[in-house]
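To start, the structure itself, in structure tokens.
The values are calculated or read from the model by the stated rules, or taken from the named source; none is laboratory data. The structure displayed is predicted, hence computed values, not measured ones. Cβ placement follows ideal geometry from the backbone for every residue including glycine, while neighbour counts extend to all protein chains displayed. Side chains are part of the model used for accessible areas, which takes the heavy atoms of the whole protein and leaves out ligands, DNA and RNA. Shrake-Rupley method; radii C 1.70, N 1.55, O 1.52, S 1.80 Å.
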Amino acid sequence: MASEKILVVDDDTNICELLRLYLEKDGYEVSMANDGATAVKKFQEENPDLMILDIMLPELDGWQVCREVRKFSDKPIIMLTAKGETFDKVLGFELGADDYVTKPFDAKEVLARIRAVLRRTSSGQQENIKEVRYDKLVINLTNYELMVDGKKVDTPPKEMELIYHLASNPNRVFTRDQLLDEVWGFDYYGDSRTVDVHVKRLREKLEGVSDKWELKTVWSVGYKFATKE
């Protein structure tokens, strides 16, 4: 399973680098942004598991970034600021922040906060979110989103349901009739070639993305999502 991704947003490059070193050492995948507009753009493109967000930023401040991100994502946000006033904390929580760290901070404390927030949010969401992850591939059936090599790929609903079904059962071979029953439903009266057409379209989107998995044809039987891990 892929490492959890953290987006660090601060206009102080030294703070970004310090957090990156600690986070990568702890096994996280890290990306960085030094202004608010870039932070929102990167969040949309990369869909991180958590964002560490400074309040005092150029272009868009932390409050504005938090407000914009909350329009399309409920992933956890930890606010980072030199201010310690109660007003700032209340405003941050009202805008949808999950936690708050005041500068100067101990990097170990930030790591502990990150682990706690991720543990708390994942335990609350795990049962509800239908998502499978592989190398350079995220299939989220809750939001009907397919992320291929970090980019969202427009995918019709039935293709999403098909790839999710196959990837949720790695290395299991499904016949065309099984897929028609389990993905399209028992009330579907179409031709089994429908499956072939959908697999062909998915292959065009997924071929060559990773050498750790592939959408494979099992001749004279059907299809499987083959993994090498």
Please state which of the following conditions residue 161 fails to meet, knowing it meets all the rest: (1) touching a Ser or Thr at 6+ places or on another chain (Cβ under 7 Å); (2) open to solvent by 30 Å² or more (accessible area, probe 1.4 Å); (3) modelled with pLDDT of 90 or more. (1)
Would you check which residues across segment 109-128 are modelled with pLDDT of 85 or more and either of a type in the set (S, T, N, Q) or surrounded by fewer than 16 Cβ atoms within 10 Å (Cβ to Cβ) (or both) and list them? 112, 115
Selection within segment 190-226 - part of a loop (DSSP other than H, G, I, E, B), touching a residue at least 12 places away in the same chain (Cβ under 8 Å) and surrounded by fewer than 15 Cβ atoms within 10 Å (Cβ to Cβ): 192, 211, 212, 221
Inside segment 14-45, can you point out the residues that are open to solvent by 50 Å² or more (accessible area, probe 1.4 Å) and touching a residue at least 60 places away in the same chain (Cβ under 8 Å)? 18, 22, 26, 45
Listed by first then second residue, the pairs whose first member lies in segment 129-147 and is surrounded by 18 or more Cβ atoms within 10 Å (Cβ to Cβ), whose partner is part of a loop (DSSP other than H, G, I, E, B), with beta carbons under 6 Å and at least 6 positions apart or on separate chains, are 132/168; 141/130; 146/155
From 56, 51, 1, which residue is at pLDDT below 90 and under 26 Å from residue 151 (Cβ atoms)? 1
Within the group 219, 213, which residue is under 20 Å from the mean Cα position of the chain (by Cα) and of a type outside the set (Asp, Glu)? 213
Just to verify a result, which residue in segment 68-99, among those that are exposed (fewer than 15 other Cβ atoms within 10 Å of the Cβ) and within 22 Å of the chain's Cα centre (by Cα), is modelled with the lowest pLDDT? 74
